[in-house]
Every structure is written in C-alpha cells, then in structure tokens.
1. For segment 169-219 and segment 63-107, compute the distance between their C-alpha centroids and round to whole Å.
2. Would you please put 100-113, 168-181, 217-230 in order of how densely packed they are, using the mean number of other Cβ atoms within 10 angstrom per residue and starting with the highest?
3. Please list the non-local residues whose amide H lies under 5 Å from the amide H of Asp34, H modeled 1.01 Å from N, same-chain partners needing a gap of 5 or more.
4. Assign one of three labels to segment 63-113, namely rounded, prolate or oblate, based on the Cα gyration tensor with a ≥ b ≥ c the square roots of its eigenvalues; rounded applies when a/c is under 1.5, prolate when it is not and a/b is larger than b/c, and oblate otherwise.
5. If packing is taken as the mean number of other Cβ atoms within 10 Å per residue, what is the order of 284-290, 184-190, highest first?
Amino acid sequence: MLMIYIAGFIVCMGLALCLTPLVKQFAIKIGATDVPNARKVHTKIMPRLGGLGIFLAFVLGLLAVSPFIPYDFSARELDFVQALLSGGGLIVLLGALDDRFELSAKVKLLGQIAAACIVVFGFDITVDFVNIPFNNSYSSLESWVAIPLTIFWIVGVTNAVNLIDGLDGLAAGVSGIAIATMATMAFIMGNVMVAMLCLLLLGSIVGFLFFNFHPAKIFMGDTGSLFLGFCLGMLALLGFKQIAVVSFITPLLIIGVPLSDTFFAIVRRKLQKKPIFAPDKGHLHHCLRELGFSHRQTVLIIYGIAAFFGVLAVIQSSSALYEANWVTFVVICIMLFFLQIGAEVIGLVGQTKKPLLSFLSRVFMKVSPEKGSKS
C-alpha cells in the first residue's frame with residue numbers, strides 16, 4: 001500500500017509539472033491575466049488560472065491510481081470522493097470564470113454556496129456530530145443545525161484560503177502544509193481514503209509550486225485558491241469524522257493560518273467600518289512585508305507558522321488518545337494568547353488597535369513603580 005501512496009504522489013506531481021506550462025499558455029491566450037494595482041505586490045502582468053493545472057493533475061492522478069488501490073472503499077467513502085470532485089469541479093469553473101472575467105464578490109459567494117449545497121444535498125454529507133470538551137463522547141446534531149453548519153464551514157474555509165493568496169507560492173504552500181498534516185494524521189489513524197486523497201493533492205501542489213514559488217511564472221488565481229480551500233474544508237472537517245479520538249478543534253488547528261488571517265481581516269474591516277469583502281493591504285503577508293522582510297522571507301515565515309499549527313494539530317489529536325484534554329485546553333489558550341500578541345505586534349488588526357499590548361503595558365508600568373518604591 002505504501003508504494004501506491006508514493007506512486008500516486010509522484011504521478012500527480014509529474015502531471016502538474018507537465019500540465020502547468022500548458023495552462024500558462026492557455027491563460028495568456030484567453031486573456032486570464034493579473035494586472036498589477038496598488039493593492040498587489042507583483043509589478044508585471046502575470047498569467048493566472050494555474051489552479052486548473054492542480055485540479056487536472058489531481059483528477060487524472062486519482063483516475064490513474066484508483067484501479068491499483070488494494071482496498072474496498074465503503075459507500076460513504078465513495079460518496080465523499082464524488083462530492084469532492086463534483087463540488088470541486090463547480091468551484092474550479094467558478095474560479096476560472098473569475099480569473100478571466102473578474103466576477104463580483106456576491107456571485108463568487110453564491111457559487112461557493114452552490115458547491116457546498118452539492119456536497120450536502122447531493123451526497124448527504126453533513127457534520128452530524130460535535131465533540132463534547134473534556135469528555136470522550138460525542139453528541140449528534142439535528143439536520144437543521146448540521147446542514148447550515150456544514151455549508152458555513154465549507155464556504156468559510158474556501159474564502160479563508162482565497163484571502164491569503166497574495167504572494168508567490170503562499171496559498172499553495174500553506175495549503176500543502178495543511179494537507180501534509182492531514183495525511184500524517186490519516187496514516188496514524190489508518191484512514192486509507194483521506195491519506196490517498198491528501199497525497200494526490202499534495203503531489204499536485206508540489207508540482208505546481210515549481211512554477212509558482214518566487215519569482216512566480218504563473219499564479220494559481222481563484223481557480224486554485226478556491227479549489228484548495230474547498231478541498232481543505234472537506235478533508236479537514238469530514239475526512240476524520242469516523243475517528244472518535246479527534247476533537248472538533250483539530251481541523252481548526254490544521255488550517256490555522258488562513259482562518260486566523262481571515263478572522264483578523266473581518267475584525268479589522270469592521271473596526272474600520274468597511275465591507276467584510278472589501279480588499280485591503282492589512283493581511284499577514286502585507287504586514288510582514290511592511291516590517292522589511294523580503295518576498296521569500298515573508299512566505300517562508302508564514303510556512304513556518306503553518307507548520308507550527310500543523311504540529312499542534314498532531315499533538316492535540318495524539319493527546320486525545322490519552323484523554324489529555326485539559327493539556328490540550330491549556331495549549332490552545334497559550335497559542336491564542338501568542339496569536340493575539342503577534343497580530344498586534346505586526347499590525348494585523350491595525351496600527352492603533354492593540355488592546356492586549358496596551359493592557360500588558362499598563363500592568364507592567366503599574367508593577368514597576370511599586371517595585372521601585374520598595375527599594
């Protein structure tokens with residue numbers, strides 16, 4: 001079985017290496033290009049639509065490897081794969097149209113909801129349980145809760161990855177790290193289907209990164225960022241639903257970078273009284289660039305943060321095996337504390353919005369005079 005995993009990864013990587021240059025030519029021919037503006041980092045016209053290469057490599061690789069998998073998938077697992085391909089196909093079409101014609105935010109949102117509805121209503125895949133913290137049990141959800149929760153999750157994660165796609169190789173690399181984390185957990189838990197899908201997708205991403213890492217020759221565009229976000233939403237939340245030891249927090253950790261960046265973007269825009277979907281230059285990669293880091297340094301720093309989240313996810317799921325939920329709770333609290341500190345230091349919410357740092361500063365100044373008076 002290990003050889004099938006390796007072969008699938010190599011096949012998809014090879015397909016992405018071969019298909020991406022063809023997609024680049026196709027993008028230039030149909031005018032699917034990205035023109036620089038005040039918000040963007042690149043300074044020359046670039047072809048986008050590169051996500052089409054990732055999608056095609058993934059689908060073709062899956063078709064090539066499937067006959068050789070010595071494992072009988074259950075009806076539920078087959079439904080999951082079909083839902084991933086059907087909803088993912090619609091997402092890719094939506095992204096491709098946006099890369100060429102620049103659709104409005106409302107149209108893209110409606111398309112994402114439609115893809116999520118295909119998953120929910122077309123294949124009856126929903127989040128039908130929720131982990132009860134500090135207890136090794138699960139509570140089932142009523143359909144009136146499960147259906148909107150599933151749609152909200154898929155659409156939310158899809159947009160989260162789309163929002164971090166601002167530097168060469170950033171969204172692809174962060175998504176690849178999250179998918180590698182899921183593959184690791186799937187291996188540990190013996191989830192053959194998730195492990196195979198993750199490795200095929202990871203191979204497609206690695207092959208594409210040869211052309212997308214700085215200096216990029218092609219952008220993935222919304223075709224790629226929306227597709228990878230959709231896949232992450234599906235795999236992170238639904239891929240482990242049959243594994244009772246994984247708590248609800250694990251998928252949040254796996255995709256911690258895009259989710260936290262999206263959360264701070266929403267807070268920042270609300271505080272500035274701007275629409276939630278209004279673009280700005282306050283994202284994590286923009287802030288790091290403002291601090292003086294180079295293009296590559298910024299991307300590698302965010303890769304490191306994504307890897308840190310991935311390690312936490314693996315540790316968290318492993319601690320659940322030993323019912324160490326209180327340890328997990330403490331780790332999560334510490335992580336959130338430093339996440340907020342980091343966001344305020346680099347200005348993710350805004351240069352003047354630093355409540356935690358201001359509070360700590362006041363506490364420190366209050367304690368310091370008291371020490372001085374005693375001396």
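No lab work stands behind these numbers, since they all come straight from the coordinates. Values in this document were obtained by computation on a predicted structure and should not be read as measured data. Every residue, glycine among them, receives a Cβ derived from its backbone with ideal geometry; neighbour counts consider all protein chains shown.
1. Each part's Cα centre sits 15 Å from the other's.
2. Listed from highest to lowest mean packing, they are 217-230, 168-181, 100-113.
3. The list, which skips near neighbours in sequence, is Met46, Arg48.
4. Because a/c hits 1.5 or more and a/b fails to exceed b/c, segment 63-113 counts as oblate.
5. Listed from highest to lowest mean packing, they are 284-290, 184-190.
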